[in-house]
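Notes for the one structure printed next.
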Amino acid sequence: MFEVHGSWEYSIEPPIIYIKVIGCFNREGVIAFANSVQADLSTLPANSIEYAVINLAEFELTTADSLAVATEYFHGVKARGYKRVTYIQPSIVAQSMLESVWLGSGMDVQFCMNAQRYLAQYPEHQYVKNWLC
């Protein structure tokens, strides 16, 4: 087993979870992230979270073996009642990878060039401006 690579921060503010992923992720990093988030979400009533906003400004890449784990996790959020996932500032490579991961899932997936565009689209989320930028 390898060491966990990748780091993350998140803020759960029902009905939204804001996530920032940082650095390079391996399989163990994706599993540790999913376990951490699921542990915190398990303390909430079912279907409390409907939207995920994921800041990729500091995300670098993921290993091939972590992609299957990430795909399974991502598809599970739809089953848990999520309605939309929005990615902020994805690189071209990350956006292409995420589009293929979500393909056929039926999830509403959006990509925003930066946090300012996201906040312009969702001005009611201004309270997280400092966290997103």
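The values are calculated or read from the model by the stated rules, or taken from the named source; none is laboratory data. Just so we're clear, the structure is a prediction, and the values are computed from it rather than from any experiment. Cβ: placed from backbone, ideal geometry, glycine included. Neighbour counts: every protein chain shown. Please note that ligands, DNA and RNA were not included when accessible areas were found on the heavy atoms of the full protein model with its side chains. Shrake-Rupley method; radii C 1.70, N 1.55, O 1.52, S 1.80 Å.
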From 49, 54, grab the single residue that is modelled with pLDDT of 90 or more, open to solvent by less than 50 Å² (accessible area, probe 1.4 Å) and under 17 Å from residue 7 (Cβ atoms).
-> 54
Can you pull out the residues in the stretch 104-133 that are under 16 Å from the mean Cα position of the chain (by Cα) and outside any helix (DSSP H, G or I)?
-> 105, 107, 108, 109, 110, 111, 112, 113, 114, 133
Could you grab the pairs with beta carbons closer than 8 Å, sequence gap of 6+ or different chains, first residue in the stretch 107-133 and within 24 Å of residue 77 (Cα to Cα), second one exposed (fewer than 12 other Cβ atoms within 10 Å of the Cβ) and basic (Lys, Arg)?
-> none
Could you please tell me which pairs satisfy a Cβ distance under 8 Å, a separation of 6+ or placement on different chains, a first residue in the stretch 38-66 that is at positive phi, and a second residue that is of a type in the set (D, E, K, R)?
-> 47/80
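In this structure, does residue 91 turn out to be over 22 Å from residue 16 (Cβ atoms), loosely packed, with under 14 Cβ neighbours inside 10 Å and in contact with a strand residue (DSSP E or B) (Cβ under 8 Å, 6 or more places away or on another chain)?
Against the criterion (over 22 Å from residue 16 (Cβ atoms), loosely packed, with under 14 Cβ neighbours inside 10 Å and in contact with a strand residue (DSSP E or B) (Cβ under 8 Å, 6 or more places away or on another chain)), residue 91 qualifies.
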Looking at (1) of a type outside the set (Val, Ile, Thr); (2) farther than 19 Å from residue 92 by Cα; (3) touching a strand residue (DSSP E or B) at 6+ places or on another chain (Cβ under 7 Å), which is the one condition that is false for residue 46?
-> (3)
Give the residue, chosen from 29, 23, that is modelled with pLDDT of 90 or more, at positive phi and open to solvent by less than 80 Å² (accessible area, probe 1.4 Å).
-> 23
Across the stretch 65-91, which residue is farthest from residue 125 (Cα to Cα) among those that are among the hydrophobic types (A, V, I, L, M, F, W, C) and more than 11 Å from the chain's Cα centre (by Cα)?
-> 68
